[in-house]
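Everything on this sheet refers to the single structure shown next.
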Amino acid sequence: MPHRFSLATIGSLSMVVAAGAASSPVTFNKDVLPILQEHCQSCHRPGQIAPMSFLTYEDARPWAKAMKVVVVTKKMPPWFADPKFGHFANDPTLQQNDIETIANWADNGAMEGDAKDAPKSVNWPRGGWEIEPDLIVKGPETAVPAHTKNDVVEWSYVTVPSGITEDTWVTSMQILPSEPSVTHHICVSFREHTPDMKYNEHVWVDRPRDESGSTLPSAVGFNARIIPKSALSGSGGMEGCYVPGRVTQDYRIYGAGKLIKAGTDILFQLHYTPNGKAITDRPLVGFTVAKVPPQRQYVSFTTATPADPKVFAIPANDGNWESPAVERTFTEDVELVWMSPHMHLCGKDMTFRLVYPDSGTETVLSVPRYDFNWQLGYDLAKPLKVPKGTKLIVTAHFDNSINNRFNPDPNRTVYWGDMSWEEMMVPFFAVVVDRSVDPDSLTK
Ligand code: HEC
């Protein structure tokens, strides 16, 4: 279990550093590069979200001292799950000896070392991909203006043909915007094709707003009018999203897949934020494809608290408002594999708990310090068997006080809404079941 950062840790760290320096010198090639490859380069390479690359010594050397600071304070690699609950396959947290190696290297001249000690460079996918897609679907173009009133660009929905002509089991999915700097989020749903389908047309969710850009209370609510019913059935319709800090979902970890039927259309839910420069985004969706249909299917769920302003209203200056909980009861045996909290700038914490039918409750994920910029997904290291009748209860708190440095204005009541200065309480999760099971029958 990773240690929490404390003064005691720093004390012992400098002793280790001194002892290490006396024996064999820590070098980039021998000691540091393997750590960077395993824990940092997924983001710290060209085309990914981190602003600087750590592929080579020349790239990494200027950041030696900063690296030490961020690994000792556990700011990097980013991870927000409370280590007391659950083990996660994608937990990038460094072991204490790796932290000490980086600190030691930074404190002792950040030397390059011998090239023959370096591990082979990692063959990272090109073109911004985290997966090596077998199949790429082109998304719709959206022109994002340089500015709008209050910088609101309402959500829109656009359908495109998938181009998939035979039933296809996909095993991972990544959404890749061409312009991440304006992309707030993109979610996709699979829809059965209907003859009246109009492709590449934006359907805008226009909401009446007040002068400050907040949705008028009478217009608060989910976009049910706009989202076609077929996209809302069963699991909630969202198959995957691009959000800050999360772009890929990998079903391969669990030997599972998702079936995309021949002729399926793909519905995009798009939200952009102007950044001062007019720009056109054109996202791609990449999939890896199973050679043999997997025995198990991966089913994604989108849940939410009621958006009703009578029950979802975060009082001004309230630093710890608890929203109504989200509850789902499993009506079949399932295996829980993934969870991801979604809130906006006032989001403070979220906890996922299972209440078993006979007795006992278990916390399966706790994110005590939610950060809008890091909306990570948490892949359970081992699928968790959840018997029929178990209830999933998700609770969350919001910080609408001045102590929340992301809070745009603590002096107003915050209601549910599509913009980051409005709020949401949307727990996502996913389960794995046999592929013969109807995914629409798993919860109530
Ligand atoms: C999931 C993606 C991701 C991973 C993994 C990751 N980083 Fe970062 N890192 C970022 C992003 C994005 C930024 C810039 C924004 C920020 O500072 O939060 C950043 C910033 C940094 C900075 C600059 C901090 C500053 O204060 O200016 C350092 C140093 C750093 N990372 C080191 C590391 C090291 C070392 C690792 C591996 C042990 C690592 N990062 C892993 C995404 C990542």
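Here, each number is a calculation from the coordinates, and none is a lab measurement. Because the structure is a prediction, the values reported are computed rather than measured. Here the Cβ is made from the backbone with ideal geometry for all residues, glycine too, and neighbour counts use every protein chain on show.
Checking the cross-link pairs K138/K382; K30/K68; K68/K382; K261/K291; K75/K348 against a 26 Å limit on the alpha carbon distance flags K138/K382; K68/K382 as lying beyond it. Taking region 120-137 and a reference point 7 angstrom along Cα→Cβ of V70, the backbone N atoms nearer than 20 Å belong to 122, 124-125, 128-130. Report the residues of region 337-351 in range of a label on R412: point 7 Å along Cα→C-beta, backbone N strictly under 20 Å from it. It comes to 343-348, nothing else. K149: which lysines have alpha carbons under 19 Å from its alpha carbon, excluding same-chain residues fewer than 8 sequence positions away? List returned: K277. With the gyration tensor restricted to C-alpha atoms of the chain, the semi-axes of the equivalent ellipsoid amount to 37, 26, 25 Å, longest first. Axis of helix 96-107 versus longest Cα principal axis of the chain: the two differ by about 60°, to the nearest ten degrees.
Summing Lys and Arg as +1 and Asp and Glu as -1 over all other residues whose Cβ lies under 10 Å from the Cβ of G377 gives a net charge of -1. Of T303, T159, T73, the residue with the greatest mean-square motion in the GNM of the chain, using alpha carbon springs below 10 Å, is T73.
With contributions of -39500 (n - 2.57) from each DSSP H run of at least four residues, the per-residue ellipticity at 222 nm computed over the chain stands at -3500 deg cm²/dmol. Considering only V122, V433, V367, the Gaussian network model of the chain with Cα springs below 10 Å gives its largest mean-square fluctuation to V122. If only the Cβ of Lys and Arg carry +1 and only the Cβ of Asp and Glu carry -1, the dipole of the chain around its Cα centre is close to 280 debye. Using a Gaussian network model of the chain with C-alpha springs under 10 Å, which one of E58, E423, E201 is most mobile by mean-square fluctuation? Answer for the Gaussian network model of the chain: E58.
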